[in-house]
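Participant: Okay, handing you the structure first.
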Ligand SMILES: [Zn+2]
């Protein structure tokens, strides 16, 4: 959901995060289906997608479920898996994700065998689908995707640094929808979000264009799913005849008749409660990182994302509103689908479905209803007739867990095995590779700092250049890497702090197009940007600043903090003033893995000009 400012859904990923995501090319890993692969899982409780069956046997053959029953008689060549005490479920379906990079591989590790993507790079989508149809990627969750999304020029969805086709009027709707279908979109995703829920503003589609898009999708037999930012937008979207809401709102408590209204219009809802927590400044996924059933399978990037939330918005959205709305929707029998909106802050692919299930139960669904929200309900809603239930003839996309998740929903985390089309996921190798990567990262973080860092001065600019005593020189950094239009300039000027010769002047123009717009200067302590250096022998960063009176930001990147920097603000007035900020103020870092420090203007639009000098670590 959100972020960025707000929206909710989607892409709310900060520009930096989108930038990062664009860099991670999918690693195509092939596995071949083994049509001779036949096995019988004996004695597990079976959650069939709707209800729990007494312990029974399930026979898988040729990638499909061949038979279900007690004491099934199978040929002696068929392998037996004794699963007494365990529970077998359909592979989970995550009904709201953004499938960049190797997200789908990660998803399957955690039992998600189908992802319903709600906006990704079209070429990425096409490549994955081609591999899937060639019988490859059996260790990746199956992908269904909206491809790109419908938004106005400058609207939410356009801020991620890559061009997407936009539209502005009802007359463009049918051609826009038809072009998506030609690209391979399985359904149509529309964004209605003026960002007011986040105290910001973006242009958005008119209700007339919204309605035209929905009608155009329906004319071609496609489902229309809509991202909204606030309750009024949700109401408008329901009234316009959309099939589903890709998120709930967190700006206000639901009107008493909201769910009745939704039910009367036969809409389904993917609440994405985890991201509603994240936009409410709660790190939704944090508890997953210490759950011993999941933690060994989480990458360093997963952990930093799960521990993150969106910054506090002035409008103070609350996840409680989302939970109240879910309770109301349940009472009105509105279909509820489990979706995570991974990889937004507070989430990661696969792992977060287990948090979303927990939150759905906290909102009033029974564990059995929550499990249906991640299996049979999305399969029925999205017409995926070959999955979502355990029955003869269905795909052998299966999840075997210890315990009984219909009693304790968190039992879904205690994974024994995951199969896609009857091929078991190699979770042990994945776990070993994660363990190895973590050891290497720990060794790297402990690497000795450059000798020069024993000196506390980073830069005083008195040699007339933007050089530093160690690490990189100061250099410009702007949001252009995230698709922004802010510009900046830097130069060493006369008249430093405390009567010194020189200082560094930083000026520019912040463009309002990105919620997290920035322009300024960056320095990295390592030989190159984003190589972490252990600066934990220091406790503070201090500097002198003066300027036009506006408020500016210090951004600190750490490896453990992931893609989004921690930030603190300072004001640059007419006279030189010293500011000293403890490392701990930057999301609690101890300085052991600092990879970059920036002084920047933004995100408020407009011209800026400030000077910094005597930048030190103390
Ligand atoms: Zn989303």
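Participant: Over the chain, what is the relative contact order in percent, taking alpha-carbon pairs closer than 8 angstrom and at least six residues apart?
Facilitator: Once normalised by length, the contact order is 14 percent.
Participant: Continuing with the same structure: Sticking with the crude label model, points 7 Å out along Cα→Cβ, report the distance from residue 433 to residue 481 in nm, one decimal please.
Facilitator: 2.6
Participant: Let me ask you something else. Okay, helix-only estimate at 222 nm for the chain: each DSSP H run of n ≥ 4 adds -39500 (n - 2.57), divide by all residues, round to 500 deg cm²/dmol; what do you get?
Facilitator: Result for the chain: -6500 deg cm²/dmol, rounded to the nearest 500.
Participant: Quote the Stokes-Einstein diffusion coefficient, in whole µm² s⁻¹, for the stretch 251-356, based on the Kirkwood radius over alpha carbon pairs, a temperature of 37 °C and a viscosity of 0.692 mPa s.
Facilitator: Translational diffusion coefficient: 228 µm²/s.
Participant: Right, next: Among 582-593, 491-502, 331-342, how do they line up from the highest to the lowest mean number of other beta-carbon atoms within 10 Å?
Facilitator: 331-342, 582-593, 491-502
Participant: For residue 366 paired with residue 467, estimate the spin-label separation in nm (one decimal), with each label point 7 Å from Cα along the Cα-to-Cβ line.
Facilitator: It works out to 7.3 nm between the two label points.
Participant: Now a separate question. Dimensions of the chain along principal axes (Cα, Å, largest first)?
Facilitator: 90, 55, 41
Participant: Let me ask you something else. Rg over Rh of the stretch 343-489, using C-alpha atoms and the Kirkwood radius, what does it come to?
Facilitator: Answer for the stretch 343-489: 1.21.
Participant: OK, next. How high is the FRET efficiency from residue 575 to residue 162, r the C-beta distance, R0 41 Å, rounded to 0.05?
Facilitator: Between residue 575 and residue 162 the formula returns 0.40.
Participant: While we're on this one: Quickly rank 310-321, 38-49 as a protection proxy: mean count of other C-beta atoms within 10 Å, highest first.
Facilitator: Packing order, densest peptide first, comes out as 38-49, 310-321.
Participant: Continuing with this model, one more query. How long are the three semi-axes of the equivalent ellipsoid for the stretch 296-417, computed from the Cα gyration tensor as the root of 5 times each eigenvalue, in whole Å, largest first?
Facilitator: After diagonalising the Cα gyration tensor, the semi-axes are 25, 20, 14 Å.
Participant: Given a cut-off of under 8 Å on Cα pairs at least six residues apart, what relative contact order in percent is computed for the stretch 299-357?
Facilitator: After rounding, I find 43 percent.
Participant: Dividing the alpha-carbon Rg of the stretch 152-227 by 2.2 N^0.38 Å yields what?
Facilitator: Taking the Cα Rg and dividing by 2.2 N^0.38 Å, one obtains 1.08.
Participant: If you don't mind, another one. On full extension of the chain, what length is gained from residue 527 through residue 82, given 0.36 nm per residue of separation minus the C-alpha to C-alpha distance?
Facilitator: 154.7 nm
Participant: While we're looking at this one, here's another question. Just to be sure I understand the curve: with the Debye formula and one point per C-alpha of the stretch 479-618, what is log10 I(q)/I(0) at q = 0.19 Å⁻¹?
Facilitator: Rounded to two decimals, the profile gives -1.16.
Participant: Related question: State the extension gain, in nm to one decimal, for the chain segment bounded by residue 442 and residue 235, taking 0.36 nm per residue of separation less the distance between their alpha-carbons.
Facilitator: Full extension from residue 442 to residue 235 adds 69.6 nm.
Participant: Something else: By average Cβ neighbour count within 10 Å, what is the ranking of 595-601, 69-75, 378-384 from highest down?
Facilitator: The packing order, highest mean first, is 595-601, 378-384, 69-75.
Participant: How high is the relative contact order of the stretch 505-583? Use alpha-carbon pairs under 8 Å, at least six apart in sequence, and give a whole percent.
Facilitator: Relative contact order here is 28 percent.
Participant: So for the stretch 510-585, Kirkwood radius off the Cα pairs, Stokes-Einstein at 10 °C and 1.306 mPa s: how many µm² s⁻¹?
Facilitator: 112
Participant: A further question follows. Could you run the Debye sum over the Cα atoms of the stretch 342-387, one equal point scatterer each and no solvent, and tell me log10 of I(q)/I(0) at q = 0.18, 0.20, 0.21, 0.31 Å⁻¹, two decimals?
Facilitator: Evaluating at q = 0.18, 0.20, 0.21, 0.31 Å⁻¹ gives log10 I(q)/I(0) of -0.61, -0.72, -0.78, -1.00.
Participant: If you don't mind, there's one more thing I want to ask. Does anyone have the angle between helix 173-183 and the longest principal axis of the chain? Alpha-carbon axes, 0 to 90°, nearest 10?
Facilitator: Result, in degrees: 80.
Participant: Something else: Taking every DSSP beta bridge that has both residues in the chain, what percent is antiparallel when rounded to the nearest 5?
Facilitator: If I count the DSSP bridges inside the chain, around 75 percent turn out antiparallel.
Participant: Using only the Cα atoms, what convex hull volume per residue in Å³ does the stretch 53-209 have?
Facilitator: In the stretch 53-209, the Cα convex hull volume per residue is 174 Å³.
Participant: When the Kirkwood hydrodynamic radius is evaluated over all pairs of different C-alpha atoms of the stretch 571-618, what value in angstrom, to one decimal, is obtained?
Facilitator: With all distinct Cα pairs of the stretch 571-618 included, I get 13.2 Å.
Participant: Shifting gears a bit: Modelling each spin label as a point 7 Å along the Cα-to-Cβ direction, I'd like the residue 215/residue 130 distance in nm, to one decimal.
Facilitator: About 3.7 nm separates the two model spin labels.
FYI, it's all coordinate maths here, none of it is from the lab. The shown structure was predicted, so the numbers you read here are calculated from the model rather than taken from an experiment. Positions of Cβ are generated from backbone atoms using ideal geometry, with glycine treated the same way; all protein chains shown enter the neighbour counts.
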